[in-house]
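Asks: The structure under discussion is supplied below as structure tokens; questions concerning it will follow.
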Protein chains: 2
Amino acid sequence: MIVDQAVDVPSGLPATVPTPAPGDPRLARLSLNQRTTASWSLREAIDGAVAAGLNAIGLWREPVGEVGLDTARSWVADAGLRVSSLCRGGFFTVSDPVERAAALSSNRAAIDEAAALEASTLVLVPGGLPAGDKDLAGARSRAVDAIAELVPYAQERGVRLGIEPMNPIYAADRGVVSTLAQALDIGEQFPSDAVGVVVDTFHLWWEPGVTEQIRRAADRIVSYQVCDWITPLPVDTLLARGMMGDGHINFPELTSAVAAAGYHGDVEVEIFNADVWAAPPDQVVATMARRYVELVEPYL
Amino acid sequence: MIVDQAVDVPSGLPATVPTPAPGDPRLARLSLNQRTTASWSLREAIDGAVAAGLNAIGLWREPVGEVGLDTARSWVADAGLRVSSLCRGGFFTVSDPVERAAALSSNRAAIDEAAALEASTLVLVPGGLPAGDKDLAGARSRAVDAIAELVPYAQERGVRLGIEPMNPIYAADRGVVSTLAQALDIGEQFPSDAVGVVVDTFHLWWEPGVTEQIRRAADRIVSYQVCDWITPLPVDTLLARGMMGDGHINFPELTSAVAAAGYHGDVEVEIFNADVWAAPPDQVVATMARRYVELVEPYL
């Protein structure tokens, strides 16, 4: 591809580096989280990842369920892709006993699916405060209890649970685990082959001492996810993530820390953003590959 | 006031407690930050605070500057109000030498104004990342350096600087100090009569271990500011604060911790919110007084 013909999305700016071609060794660890190309079906996302020369994909339970677990598994296997993560388990901060039992049941199903897909981890998004409940410590405690309950089930199936600390912007409604330090305080209560942590730049870039916490995490890092923090923050905070390089995050620094911690897994790009979703998905993948080889891969 | 005739703003729901009347001892420590009633001039805010029976007001430099420091000082003194805080100093994370000198000069002027107004503290909003700069650690380091440079000037004038840790939602563009723990790590490098911390519920409610950090803060707490974290987050994140009780924050828990830490100062209500600003200011003050005596004051 000729550099000056490629355009980055969603910025619309000319690409500053050539798009790495399939077979480029720099793409070896890049994974497309399928929500980055939300308009693509699972089949299209698999095909798109392969066409771009990727070797891994991050899957979500809902689109997997739509085609059926067996079909998804065979599609991914036939395409030669690794499943870098399955999103998501969690949402187990509910206090109502019936809702809690349902949440645990759903998480066991997610563990089964992660095992079938040979996913590197099942991402756990802890969940927020129940409606009307202001006991944040209680919700956090219930998240720990739920993980404790799920660990034996996950271990039996060889699935590593990945606690995802989330930017405090989501503490009320999605994720009560707010820092990598806190996620490690929880994770370290369990064997490292059973419970790890997800390092997501969007969630953690601001955390004081985050590079020390990444070092502490060491082999508990089960997933490294990259996207940017952009300002002004988009209207819908759930869609606030930006393409790497479009915002304020220092990817070389965080990536170097993750590499120094000994992480050897895939690097997933997970971007929820209306402008990214409105762009042609193949251009999203091409931009993501360019930004990755520029800002992330050299520091792995 | 008859309870069932009062309506809370901006929720529009019936008030659940009577509005405390002027002279009610429960109002003794309640302070109106003038930005909560943004449509009021300084004169109107002073009159509105007095009419509601308040004894303190939190001021901003710009409206003070509009009427002149001497006028503002005499208005506040004649009204018998304490100045619970002056907003704001800070924005000293700039790296350009000329901009840095200007920022320090502006902060010295703010210290002079805080001294003249006998403000309990000058609130320091550290500032964000310079444009295009992704070195968060560097920006944080420059904030510490600036405080170190300002401390002697503040001490000579009897002004306590109040570092305000800000919700990470603002880490990129307004406040690189993101947790109370981090603010204390900075503050403790200086004498406690010179540098303290602002405990603002909106910024800190999610922080893991925040009650322990409040205990650690002890006599460094120079201001306690209350407003709520509401979801969905309003479109403009700068205007994302809610009236106490309308969101997810546990005011009894945080207030009890602040009281146990030994804080005896005023409790300021600072709400940036378009719906609050669109409501009649006297109704805002009445709602704020009701919510305060219900959710905050009993725990002081």
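FYI, it's all coordinate maths here, none of it is from the lab. Bear in mind the structure is a predicted one, so any value in this text is a computation, not a measurement. Here Cβ is always computed from backbone atoms with ideal geometry, including for glycine, and neighbour counts include all displayed protein chains.
Asks: Just name one of B:MET288, B:VAL50, B:VAL210: the one whose Cα is farthest towards the positive end of the charge dipole of chain B (beta-carbon charges, Lys/Arg +1, Asp/Glu -1).
Replies: Of B:MET288, B:VAL50, B:VAL210, it is B:VAL210.
Asks: Kindly rank B:277-284, B:193-200 from highest to lowest mean number of other beta carbons found within 10 Å of each residue.
Replies: The peptides rank, most packed first, as B:193-200, B:277-284.
Asks: Once the label point is placed 7 Å from Cα along Cβ, list for B:GLU118 the distances to the corresponding points in the other copies, in nm, shortest first.
Replies: B:GLU118 label point versus its equivalents elsewhere: 7.6 nm.
Asks: Follow-up. How many percent of DSSP beta bridges within chain B run antiparallel, rounded to 5?
Replies: Bridges in chain B are about 10 percent antiparallel.
Asks: What dipole magnitude, in Debye to the nearest 20, does chain B give about its Cα centre under +1 on Lys/Arg Cβ and -1 on Asp/Glu Cβ?
Replies: 280 debye
Asks: Would you mind giving the mean number of other chain beta-carbons within 10 Å of the Cβ of each residue in B:206-213, as a whole number?
Replies: 5
Asks: Right, next: For chain A, just list the percent of Cα-Cα distances falling in each 20 Å bin from zero outward, please.
Replies: 36, 59, 5
Asks: Across peptide B:179-185, how many C-beta atoms of other chains are within 10 Å of each residue C-beta, on average?
Replies: 2
Asks: Divide by every residue of chain A the summed helix terms, -39500 (n - 2.57) for each DSSP H run of at least 4, and state the resulting mean residue ellipticity at 222 nm, rounded to the nearest 500 deg cm²/dmol.
Replies: Theoretical 222 nm ellipticity from helices: -12000 deg cm²/dmol.
Asks: For the protein assembly as shown, what number results from the quotient of the Cα radius of gyration and 2.2 N^0.38 Å?
Replies: Rg over 2.2 N^0.38 Å, computed on Cα atoms: 1.02.
Asks: Residue by residue through A:162-175, how many Cβ atoms from other chains fall within 10 Å of the Cβ on average?
Replies: Partner-chain Cβ atoms within 10 Å, mean over residues of A:162-175: 4.
Asks: Which distances, in nm and shortest first, link the B:PRO191 label point to the same label point in every other copy, taking 7 Å along Cα→Cβ?
Replies: 5.7
Asks: From Cα pairs below 8 angstrom and at least 6 apart in sequence, can you work out the relative contact order of chain B, rounded to a whole percent?
Replies: 20 percent
Asks: At 20 Å minimum axial length over the Cα atoms and a Kyte-Doolittle cut of 0.0, report the qualifying DSSP H helices in chain B, or say none.
Replies: B:97-116, B:136-156
Asks: How many percent of Cα pairs in the stretch A:177-288 exceed 21 Å?
Replies: That tail contains 38 percent of the Cα-Cα pairs.
Asks: Which whole-number percent is the relative contact order of the stretch B:134-220 (Cα, under 8 Å, 6+ apart)?
Replies: Across the stretch B:134-220, relative contact order equals 29 percent.
Asks: Another question, then. Starting with the highest mean, order A:231-239, B:10-18, B:178-186 by the number of other Cβ atoms within 10 Å, averaged over the residues of each peptide.
Replies: Highest-to-lowest ranking by the protection proxy: B:178-186, A:231-239, B:10-18.
Asks: So what J values fall out for the stretch A:237-247 if you push phi through Karplus, 6.51 cos²θ - 1.76 cosθ + 1.60 with θ = phi - 60°, rounded to Hz, Gly and Pro as x?
Replies: 5, 6, 10, 8, 7, x, 4, 3, x, 8, x
Asks: Just going by the charge dipole of the stretch A:139-210, with Lys and Arg at +1 and Asp and Glu at -1 on Cβ, which of A:ILE169, A:SER141, A:GLN182 is farthest out on the positive end?
Replies: With unit charges placed on the Cβ atoms, the residue in question is A:ILE169.
Asks: Also, quick follow-up: With +1 on the Cβ of every Lys and Arg and -1 on the Cβ of every Asp and Glu, and nothing else charged, how large is the dipole of the protein assembly as shown about its Cα centre, in debye rounded to the nearest 20?
Replies: Here the protein assembly as shown has a charge dipole of around 540 debye.
Asks: Sort shortest first the distances from B:ASP135 to its counterpart in every other copy, using label points 7 Å along the Cα-to-beta-carbon line, and give them in nm.
Replies: Once sorted, the set of distances for B:ASP135 reads 4.7 nm.
Asks: Something else: Got a sec? Charge dipole of the stretch B:111-262, +1 on Cβ for Lys and Arg, -1 for Asp and Glu; which of B:PRO126, B:GLY196, B:THR255 is way out at the positive end?
Replies: Going by the charge dipole, the pick is B:THR255.
Asks: Would you grab the residues whose amide H sits under 5 Å from the one on B:VAL195? Only those 5+ places off in sequence or on another chain, please, with H modelled 1.01 Å from N.
Replies: B:LEU161
Asks: Let me ask something else about it. Restricting things to Cα coordinates, could you compute the convex hull volume per residue of the stretch B:246-297 in Å³?
Replies: 85 Å³
Asks: Lys and Arg at +1, Asp and Glu at -1: add these up for the other residues within a Cβ distance under 11 Å of B:ARG108 and post the number.
Replies: Summing Lys/Arg as +1 and Asp/Glu as -1 gives -3.
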